[in-house]
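A short write-up of the structure that comes next.
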Amino acid sequence: MISKLMLFSLFVSISNVYSMTEYQDKVKPLIQKNCLSCHGNYYLETWYRELPIAKQIINYHIQDAKKHLDMRDDSFFKSKGSQSDIYWSIAKSIESKRMPPNYFSIFHSNLKFNEKDQLFLINWFKKKSKELSDE
Ligand code: HEC
């Protein structure tokens with residue numbers, strides 16, 4: 001007989017898989033350049049990277065970014081606090097326009113989020129944060 005608990009566990013694992021693919025299909029492509037070029041593994045091709053001093057500054061920022069928030073593993077972000085806290089601070093950093101940092105936005109004004117994407121991301125990270133705090 002299938003117990004309620006088994007059904008519940010099945011439901012939880014299906015919804016986890018679903019939200020993972022949602023992250024990979026809808027969220028990751030939007031933040032790939034804007035966030036994951038510092039907090040993840042995305043390599044952003046830039047002309048200024050070739051300038052001798054710029055290269056060091058960029059590498060330093062990328063290292064520092066990962067120390068504060070490491071998003072290299074899609075299913076487990078590393079920073080201070082719980083997973084729920086981390087998703088919340090990501091939403092907040094986008095909402096307050098603290099991230100991406102100004103010095104990045106100046107060089108990459110073409111990558112600026114449009115309003116729709118920005119709202120989608122803020123809501124998605126907040127929703128995930130709430131789900132994770134219920135677990
Ligand atoms: C140019 C590199 C760079 C990019 C691009 C970037 N960040 Fe950051 N981020 C940093 C650095 C450096 C820090 C640590 C210093 C600070 O907090 O300002 C940081 C810190 C953070 C923190 C705070 C972590 C903590 O300590 O609580 C969050 C959240 C964050 N970033 C989210 C994002 C999001 C979301 C994006 C994309 C919208 C993004 N960042 C894009 C460099 C970057």
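Brief remarks on what is shown
- Where only DSSP H runs of four or more residues are counted, the chain gives -19000 deg cm²/dmol as its mean residue ellipticity at 222 nm, each run worth -39500 (n - 2.57).
- Each eigenvalue of the Cα gyration tensor of the chain, multiplied by 5 and square-rooted, gives one semi-axis; in descending order these are 33, 15, 13 Å.
- Exposure rule at most 14 other beta-carbon atoms within 10 Å, DSSP loop trypsin sites (Lys or Arg not before Pro): the chain longest free segment: 1-71
- Residue exposure sequence - Ser82, Ser37, Ser96 - by fewest surrounding Cβ within 10 Å: Ser96, Ser82, Ser37
- Theoretical gain in end-to-end length, Glu115 to Ser82 [0.36 nm per residue, Cα-Cα removed]: 9.0 nm
- In segment 39-134, a dipole from Cβ-located charges (positive for Lys and Arg, negative for Asp and Glu) runs towards its positive end, and of Phe77, Tyr103, His39 it is Tyr103 whose Cα lies farthest in that direction.
- If you run the Gaussian network model on the chain, springs between alpha carbon atoms under 10 Å, then out of Phe107, Phe11, Phe125 the most flexible one is Phe11.
- Of all lysines in the structure, those lying under 29 Å Cα to Cα from Lys128, and not within fewer than 8 positions of it along the same chain, are Lys4, Lys26, Lys28, Lys33, Lys66, Lys67, Lys78, Lys80, Lys92, Lys97, Lys112, Lys116.
- Calculated FRET value between Lys26 and Lys55, using beta carbons and R₀ = 35 Å, to 0.05: 0.60
Here, each number is a calculation from the coordinates, and none is a lab measurement. What you are looking at is a predicted structure, and each value in this text was computed from that prediction instead of being measured. Counting neighbours? That spans all protein chains shown, and the Cβs are built from the backbone with ideal geometry, glycine included.
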